[in-house]
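To start, the structure itself, in structure tokens.
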């Protein structure tokens with residue numbers, strides 16, 4: 001049995017008509033917004049209410065999964081030693097797994113789903129390094145729709161991630177003859193998490209500056 005396909009897409013600064021054209025290339029009829037804050041100062045056309053209405057007018061369902069798949073969380077049990085959100089911990093939460101179950105329900109109802117966040121490049125977005133990894137582990141085939149309408153597989157992004165951190169992740173050598181892909185990927189994902197992970201402490205510091 002083939003794995004169900006889930007797409008991801010970044011809205012970037014695209015005009016709404018271009019975004020619609022983009023997702024129609026793979027016949028998306030359901031957008032799952034994984035932004036914690038469904039608004040954009042740079043692209044206000046993606047503010048939740050107006051965006052949701054635009055999609056509705058074009059017969060596309062809009063859902064917001066901030067609790068399930070959002071990356072701005074303040075639960076200290078989900079932070080790593082560096083004070084940033086730990087994506088691996090998030091994937092083990094009941095909320096994340098509720099999100100996975102809701103995606104399955106959407107597939108069963110016949111929806112063609114795209115997870116949407118703001119970043120154009122999925123490699124720089126939690127929709128890849130936090131959410132897509134979890135969906136792949138739960139039986140989905142995740143594909144990433146890029147702004148030029150090309151598609152990258154999750155495996156292609158994983159290989160790009162290994163290349164990016166090539167000098168910082170374990171490699172085969174005289175002391176460790178075989179380093180598995182899984183071990184390298186886990187370390188590369190940890191480094192990406194460290195790079196883009198949300199830190200609630202920064203918000204507290206910013207607030208203190210204005211108190």
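With contacts taken as Cα pairs under 8 Å at a separation of at least 6 residues, the chain carries a relative contact order of 29 percent. Placing pseudo-labels 7 Å out from each Cα toward the beta carbon at residue 108 and residue 24 gives an inter-label distance of 3.2 nm.
Cα centroids of segment 135-153 and segment 27-74: 18 Å apart.
Kirkwood Rh, Cα Rg: Rg to Rh for the chain? When Rh is taken as the Kirkwood radius, the ratio is 0.98. Counting only DSSP H runs of at least 4 residues, each contributing -39500 (n - 2.57), and dividing by the residue count of the chain, the helix-based mean residue ellipticity at 222 nm comes to -12000 deg cm²/dmol. Report the residue, chosen from 86, 77, 124, that carries the largest GNM mean-square fluctuation when the chain is represented by alpha-carbon nodes joined by springs under 10 Å. Largest GNM mean-square fluctuation: 77. The ranking of 59, 64, 144 by Cβ neighbour count inside 10 Å, starting from the fewest, reads 59, 64, 144.
Between residue 17 and residue 101, what is the FRET efficiency for a Förster distance of 45 Å, r being their Cβ-Cβ separation, to the nearest 0.05?
Numbers: r = 33 Å, r/R0 = 0.74.
It comes out at approximately 0.85.
For residue 94 and residue 160, calculate 0.36 nm times their separation in residues minus their Cα-Cα distance, and state this gained length in nm to one decimal.
Extra length from residue 94 to residue 160 when fully extended: 20.8 nm.
What percent antiparallel are the DSSP beta bridges of segment 5-154, to the nearest 5? Walk me through the numbers on the way to the answer.
Working: 4 of 21 bridges.
Bridges in segment 5-154 that DSSP calls antiparallel: roughly 20 percent.
Quick note: the coordinates plus some simple rules give every number you see, no bench work behind them. Keep in mind it's a predicted model, so treat the numbers as computed, not measured. Glycine gets a Cβ as well: all are built from the backbone with ideal geometry, and neighbour counts include every protein chain shown.
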